[in-house]
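The values are calculated or read from the model by the stated rules, or taken from the named source; none is laboratory data. Being a predicted model, the structure only gives us computed values, none of them experimental. Ligands, DNA and RNA are stripped out before the accessible areas are found, and what is left, the full protein with its side chains, is counted by its heavy atoms. Shrake-Rupley method; radii C 1.70, N 1.55, O 1.52, S 1.80 Å.
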Amino acid sequence: MILLSLDVGDIRVGVARCDRSGLIVTPITTLERGQGPASFLRIAEMVREYGAEAIVVGMPYLPDDSEGQQARSTRAYVNGLNKHVTVPILFYDETESSSEAGEIMRQNKRSRRRRKQTIDAVAAAVILQRYLDSQSGEPHL
């Protein structure tokens, strides 16, 4: 099943996808969140382009598993996105995904500037990999 994954922030939205087998997760792009439907329309286009059957959205839960301001902002974004896509949208805990993405990029010797440009897409890939691992019972790396 081909899935897209989103790491929704206040300014940017990272996007990643997996292949049909669910084995290979790839960061795709980082979109500007901005006002209006531009990012929704681009995500809807990627759903069609890649044949995605669902979207996994990272949910920023607080340490006590409750939802704070960032989670409410993510839900508001998804409510807008729902008007532009017909595939199911699933939420998945994104705890520490940005930190893990940053560490992956440091280990791969990405420059600070390059990390800033792509960290959201890599975080979306981390979220998607964790989601896939949880579905298969495999631990994530």
Sequence-distant residues sharing a close amide H with Asn82 (under 5 Å, placed H) | none
Given 10 Å bins starting at zero, what is the percent of C-alpha pairs of segment 42-98 in each, up to the one with the largest pair distance?
-> 22, 48, 26, 4
What percentage of all Cα-Cα pairs in segment 13-54 are separated by more than 15 Å?
-> 43
Tabulate in residue order the Karplus-calculated ³J(HN,Hα) for segment 20-33, using 6.51 cos²θ - 1.76 cosθ + 1.60 with θ = phi - 60°, rounded to whole Hz; enter x for Gly and Pro.
-> 4, 6, x, 9, 10, 10, 10, x, 9, 6, 10, 9, 6, 6
Of Ile89, Ile11, which has the most accessible area and how do the rest follow, probe 1.4 Å?
-> Ile11, Ile89
Give me the percent of the accessible area of segment 28-92 that comes from carbon and sulfur atoms, probe 1.4 Å, all protein chains in place.
-> 52
Enumerate the amide H contacts of Ala54 below 5 Å, restricted to partners 5 or more residues apart or on another chain; note that Pro and chain-start residues carry no placed amide H.
-> Leu4
Using a 1.4 Å probe on heavy atoms of the protein chains only, the accessible area for Ile28 in Å², nearest 10, reads 50
